1. What's the FRET efficiency of SER42 with GLU135 using the Cβ-Cβ distance as r and R₀ = 25 Å, to the nearest 0.05?
2. In terms of the ratio Rg/(2.2 N^0.38 Å) built on C-alpha atoms, what value belongs to the range 5-87?
3. At 7 Å along the Cα-to-beta-carbon direction for both THR153 and ILE82, put a label point, then send me their distance in nm to one decimal.
4. When we measure straight from the Cα of LYS55, which lysines land under 29 angstrom away, once same-chain ones fewer than 8 places off are left out?
5. Can you pull out the chymotrypsin sites (Phe, Trp or Tyr not before Pro) in the range 37-78 that DSSP calls coil and that have at most 16 other Cβ atoms within 10 Å?
6. Based on the Cβ-Cβ distance from GLN65 to VAL24, what FRET efficiency comes out when R0 is 25 Å, to the nearest 0.05?
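The numbers here are math on the coordinates, done by the rules we state, and not lab data. Quick caveat: nothing in here was measured; it's all calculated off a predicted structure. Ideal geometry is used to build each Cβ from the backbone, glycine not excepted, and the neighbour counts take in all protein chains shown.
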Amino acid sequence: MERSDEQLISEYLDGDEKALGTLVERHLTNAYNFALKLVNDSQAANDITQEAFVKAWKNIRGFKQESTFQTWLFAITRNVAIDWLRRRKEVVFSAFENERGENMFTETLADQSLLSDELLARAEDVRFVEILLEELDPLYRDVLKLRYSSNMTFEEIGELLKRPLHTIKSQYRRALIALRRSLEVRPI
């Protein structure tokens, strides 16, 4: 029988180091995927996940079992990701301009827009769905990503985002409606 997260935490606090390893193994992939969805950078997601687990380890005695361990860990991961995003410096295209104002970087970029027949071919592609998600309001996008990428319940999403349950459910419904509308207006 598999031990619950709460049992593993209790065993770790009683001195069983292996219990912590089991807890990390159980949640590592989901925490990494969550971080990756937040920052869209695999190296940064690795660093964020590692930092989140270190913070969880340092604060495990303060874990209140009012929520699940995963929800608590995701809250830590989200905060670390937000800190990373705030520290990140954007490179502006104007930094590549020469004295005459020519910008070889932007002049050599290929046109990335898809033709309508390509959109049809990609309609079932995961990337196509990600593009649609990026067009959504961030409030709605976060709820959908947490629901489907991290398999979180509405209650867990509400705890993580610090929003009431009815708000989360409403944002989820609105997100689905907005996605449906985006699909209807796409040239196919």
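1. That pair, SER42 with GLU135, gives E of 0.65.
2. In units of the 2.2 N^0.38 Å rule of thumb, it is 1.07.
3. Spacing of the two 7 Å Cα→Cβ label points: 2.4 nm.
4. LYS18, LYS37, LYS64, LYS89, LYS145, LYS162
5. Listed in order of number, the matching sites are PHE63.
6. 0.85
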